[in-house]
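Okay, structure first, notes after.
The values are calculated or read from the model by the stated rules, or taken from the named source; none is laboratory data. Remember, predicted model here, so these are calculated numbers, not experimental data. Cβ placement follows ideal geometry from the backbone for every residue including glycine, while neighbour counts extend to all protein chains displayed. These accessible areas exclude ligands, DNA and RNA; they are computed on the full protein's heavy atoms, side chains included. Shrake-Rupley method; radii C 1.70, N 1.55, O 1.52, S 1.80 Å.
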Amino acid sequence: TSVADMIFFSIINHNHDHMIVSNTSLAQIAEKNPVVIKSNTPASNALKKFAASHKITLLDCAYGLGFGENNNHVFHHLVDNQLICDDDYFLVINPDVIITETEIEKLTRFIETYESDIFTINLFHDESFNIPELSIRRFPKLTGPFKGLLKKDYRSDAYDKKNITNPLQVDWAAGSFLLFKKKAYEKLGGFSSKFFMYFEDVDICRRAKKMKMPLTYLPDIKAIHKGAFNNRKIYSKHFIWFLMSYLTYHFLS
């Protein structure tokens, strides 16, 4: 990568220490790309050791923030310490997303030639890349997410990835992999603090669209997202967060 356009990885750790430490491709990626892990729960010794041995920055502080605020914390750390330049990219990526160094190199080559403010890639649930994740969607209508809660993996607002073979501008993409131009993230003011968890990704993409900042889906760049659906159980903490964010998105933002 030319120094002009580095990709800075922002990974939020919330008791994912073991998952991060056992991610061998992350260790390889960190050799060539700056990686920052913001720990939202006290970091284990294993994670501290892993970070130290792979030149990964570990921010082990300010626990208990929401997803968006944690990523904003990482971004401010990079800006305040003059580590990130205007031509660089800021990648919000979940700890349970597995991407190889080869795919990151492909991504780097692609964003050098393609004009977009935000990018996302093709996420799959399985290691053989057969089960695509419904990670790119149209902006939700008021009832959409509830149909999805009742019937697993039914989302009428999801784009059909099978029919997309070329880069495509989409409404929004899951926060498990969102690549921002540094200037774009800055212009958007990062994620909104109105959202603790859920919908912060929809919200930032909606604001980007209003500001004529395109989000481009790259079907040829693939990764595995092991993701769990924690908001399925009614009355669970996750469901309550989901509901609050849902109402905030539709009525308060």
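Annotations for the structure displayed:
- Elements of type helices (runs of 4 or more DSSP H) contained in segment 1-105, each with 2 or more residues being among the polar types (S, T, N, Q): 24-32, 45-53, 67-80
- Filter pass, Val92 being touching a residue at least 40 places away in the same chain (Cβ under 8 Å), touching a His at 6+ places or on another chain (Cβ under 8 Å) and of a type in the set (Val, Ile, Thr): no
- With respect to the stated conditions, Lys32 fails to be open to solvent by less than 60 Å² (accessible area, probe 1.4 Å) and closer than 24 Å to Lys183 by Cα.
- Residue in segment 167-179 that is in a helix (DSSP H, G or I), aromatic (Phe, Trp, Tyr), under 26 Å from Thr100 (Cα atoms) and open to solvent by less than 10 Å² (accessible area, probe 1.4 Å) present: no
- Members of segment 12-45 that are under 25 Å from Glu105 (Cβ atoms) and of a type in the set (Asp, Glu): Glu31
- Search result, residues across segment 20-34 that are at pLDDT 95 or above, over 19 Å from Leu65 (Cβ atoms) and not polar (S, T, N, Q): Val21, Leu26, Ala27, Ile29, Ala30, Pro34
- Single residue of segment 42-56 satisfying the filter (small (Gly, Ala, Ser) and without any contact (Cβ under 8 Å) to a residue 24 or more places away in the chain) that is nearest to Leu26 (Cα to Cα): Ala51
- For segment 102-118, a tally of residues being within 13 Å of Leu179 (Cα to Cα) and of a type in the set (S, T, N, Q) returns 2.
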